[in-house]
1. Could you tell me which of the residues VAL23, VAL35 is within 22 Å of ASP100 (Cα to Cα) and touching an Asp or Glu at 6+ places or on another chain (Cβ under 6 Å)?
2. Based on this model, can you work out whether GLN125 counts as within 25 Å of SER167 (Cα to Cα), open to solvent by less than 40 Å² (accessible area, probe 1.4 Å), assigned to a helix (DSSP H, G or I) and of a type outside the set (A, V, I, L, M)?
3. If you take the residues in the stretch 1-56 that are open to solvent by 60 Å² or more (accessible area, probe 1.4 Å), touching a residue at least 24 places away in the same chain (Cβ under 8 Å) and of a type in the set (D, E, K, R), which one is farthest from GLU170 (Cα to Cα)?
4. Which one of these is open to solvent by 10 Å² or more (accessible area, probe 1.4 Å), touching a Ser or Thr at 6+ places or on another chain (Cβ under 6 Å), in a helix (DSSP H, G or I) and in contact (Cβ under 8 Å) with a residue 24 or more places away in the chain: GLU95, GLU65?
5. Which residue out of ALA48, ALA75, ALA90, ALA113 is assigned to a helix (DSSP H, G or I), touching a Cys at 6+ places or on another chain (Cβ under 6 Å), modelled with pLDDT under 95 and of a type in the set (Gly, Ala, Ser)?
6. Among the residues of the stretch 166-185, is there at least one that is β-branched (Val, Ile, Thr) and over 25 Å from TYR27 (Cβ atoms)?
7. For the stretch 118-176, which residues satisfy the criterion of being at pLDDT below 85, under 14 Å from PHE107 (Cβ atoms) and β-branched (Val, Ile, Thr)?
8. Scanning for something buried (at least 16 other Cβ atoms within 10 Å of the Cβ), small (Gly, Ala, Ser) and not in a helix (DSSP H, G or I), does the stretch 147-155 turn up at least one residue?
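The values are calculated or read from the model by the stated rules, or taken from the named source; none is laboratory data. Note that the structure is a prediction, hence the values are computed from the model and not measured. Please note: Cβ atoms are built from the backbone with ideal geometry, for glycine as well, and neighbour counts cover all protein chains shown. Side chains included, ligands, DNA and RNA excluded: accessible areas come from the protein's heavy atoms. Shrake-Rupley method; radii C 1.70, N 1.55, O 1.52, S 1.80 Å.
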Amino acid sequence: MIKQDRARRTHELLLDAAAAEFVRFGYTGANLQRVAQEAHMTKGALYAHFASKRLLAKELTGPFEHAWHELLAQADRSDAPPVETLRLLAVRIAERLQSDLRFRAGFHLASEAARAHGRLPRVAQDLRGSVSSLMAQARQQGQLTGAPEPERLGHLLLALMFGVYYSTPECRMDRFTELLCTAWWQALGGGQEALAAQESSLPAPRVRA
């Protein structure tokens, strides 16, 4: 039992170290020796848990994709008005990227893999679909009628999310939620009062993982 607990802790430490490495250097630039050193272990100990960098990355992307789709599913199940659901979706995604290092690593890896194959990440396609659907519902209810067409706006909000993520310095990730949600709401044309209400509901900045 003690050995199993120790092995589990080692596994978790290696995942945390790998997440930090992938976020900083990407898949191609990640170095397993640095991962082992960050976890205060030997490279041999790392290979005892993960036989390759590919398998280590997969251990992060799998849970990320599950968590991402759960966020979208929560939006689909929401009984709130479409605009409020869209706002909450933006906040929840931004919070998770800001505070959860493994989630951020999965996002980074999924994006990098898709770019290498010249395609949009599947999670981004799913997000665009959810946003377009919510916008279509909002327009049917007479909300945000001055905003672009739902499909076009879905492209725009997706570009904003990736743009804010990749242009935010790592040392300022504690402001990522604020930056992304402000950019989204301005794109929606929510007006100053709506923007102020949205910003006031944002959580206090968290310490970066």
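1. VAL35
2. When the stated conditions are applied, GLN125 does not pass them.
3. The residue in question is ASP16.
4. GLU95
5. ALA90
6. Yes: the stretch 166-185 contains one or more residues that are β-branched (Val, Ile, Thr) and over 25 Å from TYR27 (Cβ atoms).
7. Of everything in the stretch 118-176, just one residue is at pLDDT below 85, under 14 Å from PHE107 (Cβ atoms) and β-branched (Val, Ile, Thr), namely THR168.
8. Yes, the stretch 147-155 has at least one match.
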